[in-house]
Amino acid sequence: MSDILRGNNMALTTNREILNEARKRGYAVGAFNFNNMEFLQAIVEAGEEERSPAILAVSEGAVKYAGLPTIVALARSIAGSSKIPFSLHLDHGKDMALIEKCVEHGFTSIMLDGSEHPFDENVSLTKEAVKIAKSKGVSVEGELGRLAGIEDLVSVEERNATLTDPDEARRFVDLTGIDSLAVSVGTSHGAYKFKGEAVLALERIREIKAKVSVPLVLHGASGVMDEFVTKAMSFGATLGKPKGVPDESIKMAIKEGVSKINIDTDLRLAFLAGLRETLSTKPAEFDPRKILAPGKSLVKQVVKFKMRLFGSSGAA
C-alpha cells in the first residue's frame, strides 16, 4: 500500500514518509499533540504558513477524551486535503486493542511503547504492533530505554542506566521491523523535567544513529518557554518552577541525528496563558470562540517557532 492513505478523497501521509525525508535532509519534524479542534487548527495552520510537514499526535487519553471517530474525522477534514504532508499518529500506545482500532479507523502511524518492559517482552509487543499496522500500510514507532532527565550531579552509572544502549537499539530495530525509534538520551516528560540544568547525552544519539537505519525520535523535548509560564502565572496559574530542554540542546540533538521531536507541554502552557488572560481581562465575554481564540493563537505561535527551530520550515 502507498504511504498515502486515502479516505473520503482526503489524504494523510505516514511518519515513515515524513521522517525518512527528514533524516535524509538533516532536519527534524515536530510531533504536536492535540486534544481538540483548536489545537489541531493551530498546528495545521502553522504547517501551511511555514510550509512545514508535521505529525498530528494523539495520546490514548486524547482518544478517550474526544473519541476515536471524532479524532479521525477532525484530522481528515482539517489536514487531509492539505498539500503539506501531515500524518495522524498514536503517541505512546500501550493498549493493543486500541492500536488495532486506530489502524482500522484511519491513523497513518502508531507508536507501541513497551519501554517499561524487559527487552524481550518489548520486542514481542512491538512485533505484534508492526504486524497489525503494516498490513494496512501504517508506520510504527517503537521505544527503547527509560525516559528520565539527566541531572548535573547524577553519577555516570545512574546516567547510563537510563540511556538507550546503541547495540540493543540495533538489535531492537532488526528484530521488530519498526520505522522509527524513540530513544532515551536525557529528556523527560512534563513541565518539570529537571531540577538543575538540562543535560542531553548527545554522544549517545550519535552512537545510536551509527548503529540503526531508521529515524530517531526525541520524546519529552518541550522547552517550557518562559514567556508563557510568566504570562500564565501573572493571570493566576500555579506552576512552580517548570524547566524544559534549551533550544540549543535541541539544535545539537538534531545535528547528531534526531529526526522527530515530540512537543506537548509547550502547547498546553501557551494555551493556558491565552485562556487565563482572556478570562481575567474580559470577564463579560461568554462566546466560547472568543474565549478560546487567543489560546489557539499562542499555540500556533509556538508551533511555528518549533518548526523554524527544527529546520522543517520550507521543507514541504
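Output the number of the condition that D266 fails; it satisfies all remaining conditions of (1) charged (D, E, K, R); (2) open to solvent by 10 Å² or more (accessible area, probe 1.4 Å); (3) touching a helix residue (DSSP H, G or I) at 6+ places or on another chain (Cβ under 8 Å).
(2)
For region 89-142, what are the residues that are under 12 Å from D179 (Cα atoms) and of a type in the set (S, T, Y)?
Correct list: S109, T126, S139.
Would region 189-201 turn up any residue that is under 30 Å from S135 (Cβ atoms), at pLDDT 65 or above and surrounded by fewer than 20 Cβ atoms within 10 Å (Cβ to Cβ)? Talk me through it step by step, then tell me what you get.
Of all residues in region 189-201, those under 30 Å from S135 (Cβ atoms) come to none.
Within region 189-201 (the criterion being under 30 Å from S135 (Cβ atoms), at pLDDT 65 or above and surrounded by fewer than 20 Cβ atoms within 10 Å (Cβ to Cβ)), the answer is no, since none of the residues qualifies.
So which residues in region 276-297 are not basic (K, R) and not in a loop (DSSP other than H, G, I, E, B), if there are any at all? Outline the logic, then answer.
Just the residues of region 276-297 that are not basic (K, R), to begin with: 277-281, 283-288, 291-295, 297.
Passing the criteria: E277, T278, L279, S280, T281, P288, I291, L292, A293, P294, G295, S297.
Any residue in region 135-143 that is on the phi > 0 side of the Ramachandran plot, open to solvent by less than 20 Å² (accessible area, probe 1.4 Å), at pLDDT 95 or above and of a type outside the set (S, T, N, Q)? It would help to see each step written out before you state the result.
First, pick out the residues of region 135-143 that are on the phi > 0 side of the Ramachandran plot: 137.
Still in the list and also open to solvent by less than 20 Å² (accessible area, probe 1.4 Å): 137.
Imposing the further condition that a residue be at pLDDT 95 or above reduces the set to 137.
Adding the requirement that they be of a type outside the set (S, T, N, Q) leaves 137.
Taking every residue of region 135-143 in turn, at least one turns out to be on the phi > 0 side of the Ramachandran plot, open to solvent by less than 20 Å² (accessible area, probe 1.4 Å), at pLDDT 95 or above and of a type outside the set (S, T, N, Q).
Can you pull out the residues in region 243-254 that are free of Cβ contacts under 8 Å to residues at least 60 places away in the same chain and part of a helix (DSSP H, G or I)? Don't jump to the end; show me each part of the working.
Taking region 243-254 as the starting set, the residues that turn out to be free of Cβ contacts under 8 Å to residues at least 60 places away in the same chain are 243-246, 248-249, 251-252.
Hits for region 243-254 are E248, S249, K251, M252.
Check off (1) open to solvent by less than 20 Å² (accessible area, probe 1.4 Å); (2) over 19 Å from the mean Cα position of the chain (by Cα); (3) among the hydrophobic types (A, V, I, L, M, F, W, C) for A97 and give me the number that stays unchecked.
If we test A97 against (1) open to solvent by less than 20 Å² (accessible area, probe 1.4 Å); (2) over 19 Å from the mean Cα position of the chain (by Cα); (3) among the hydrophobic types (A, V, I, L, M, F, W, C), just (1) comes out false.
Could you tell me whether T238 is among the polar types (S, T, N, Q), part of a helix (DSSP H, G or I) and open to solvent by 10 Å² or more (accessible area, probe 1.4 Å)? Walk me through it before giving the result.
Values: among the polar types (S, T, N, Q): yes; part of a helix (DSSP H, G or I): no; open to solvent by 10 Å² or more (accessible area, probe 1.4 Å): yes.
Against the criterion (among the polar types (S, T, N, Q), part of a helix (DSSP H, G or I) and open to solvent by 10 Å² or more (accessible area, probe 1.4 Å)), T238 does not qualify.
Of all the residues that make up region 17-38, how many are part of a helix (DSSP H, G or I) and under 14 Å from the mean Cα position of the chain (by Cα)?
Residues in region 17-38 being part of a helix (DSSP H, G or I) and under 14 Å from the mean Cα position of the chain (by Cα): 2 in total.
Inspect region 149-170 for any residue being open to solvent by less than 10 Å² (accessible area, probe 1.4 Å), modelled with pLDDT of 95 or more and not basic (K, R) and give the result as yes or no. Explain how you work it out, then say what you get.
Step one: list which residues in region 149-170 are open to solvent by less than 10 Å² (accessible area, probe 1.4 Å), which gives 150, 164, 169.
Applying the additional criterion that residues be modelled with pLDDT of 95 or more yields 169.
Filter once more, keeping what is not basic (K, R): 169.
Looking for residues that are open to solvent by less than 10 Å² (accessible area, probe 1.4 Å), modelled with pLDDT of 95 or more and not basic (K, R), one finds at least one in region 149-170, hence yes.
Filter region 73-87 down to the residues that are touching a residue at least 24 places away in the same chain (Cβ under 8 Å) and open to solvent by 10 Å² or more (accessible area, probe 1.4 Å), then identify the one that is nearest to the chain's Cα centre (by Cα). Reasoning before the result, please.
So the first thing to find is which residues in region 73-87 are touching a residue at least 24 places away in the same chain (Cβ under 8 Å), and the list is 74-87.
Cutting the leftovers down to open to solvent by 10 Å² or more (accessible area, probe 1.4 Å) gives us 74, 76-78, 81-83, 85.
Values: L74: 18, R76: 19, S77: 21, I78: 19, S81: 22, S82: 20, K83: 21, P85: 15 Å.
Of everything passing the filter in region 73-87, P85 is nearest to the chain's Cα centre (by Cα).
Considering only residues that are within 23 Å of A75 (Cα to Cα) and assigned to a loop (DSSP other than H, G, I, E, B), which ones fall in region 100-146?
G106, F107, T108, D113, S135, K136, G137, V138 - these are the residues of region 100-146 that are within 23 Å of A75 (Cα to Cα) and assigned to a loop (DSSP other than H, G, I, E, B).
State whether the residues of region 292-301 include one that is modelled with pLDDT of 95 or more, of a type in the set (G, A, S), open to solvent by 20 Å² or more (accessible area, probe 1.4 Å) and in contact with an Asp or Glu (Cβ under 9 Å, 6 or more places away or on another chain).
So the first thing to find is which residues in region 292-301 are modelled with pLDDT of 95 or more, and the list is 292-301.
This time we only want the ones that are of a type in the set (G, A, S), so: 293, 295, 297.
Keeping just the survivors that are open to solvent by 20 Å² or more (accessible area, probe 1.4 Å) gives 293, 297.
Filter once more, so that each one left must be in contact with an Asp or Glu (Cβ under 9 Å, 6 or more places away or on another chain): 293.
Within region 292-301, one or more residues are modelled with pLDDT of 95 or more, of a type in the set (G, A, S), open to solvent by 20 Å² or more (accessible area, probe 1.4 Å) and in contact with an Asp or Glu (Cβ under 9 Å, 6 or more places away or on another chain).
The values are calculated or read from the model by the stated rules, or taken from the named source; none is laboratory data. Keep in mind that this is a model prediction, so the values were computed, not measured. Neighbour counts run over all protein chains shown; Cβ positions are idealised from the backbone, glycine included. These accessible areas exclude ligands, DNA and RNA; they are computed on the full protein's heavy atoms, side chains included. Shrake-Rupley method; radii C 1.70, N 1.55, O 1.52, S 1.80 Å.
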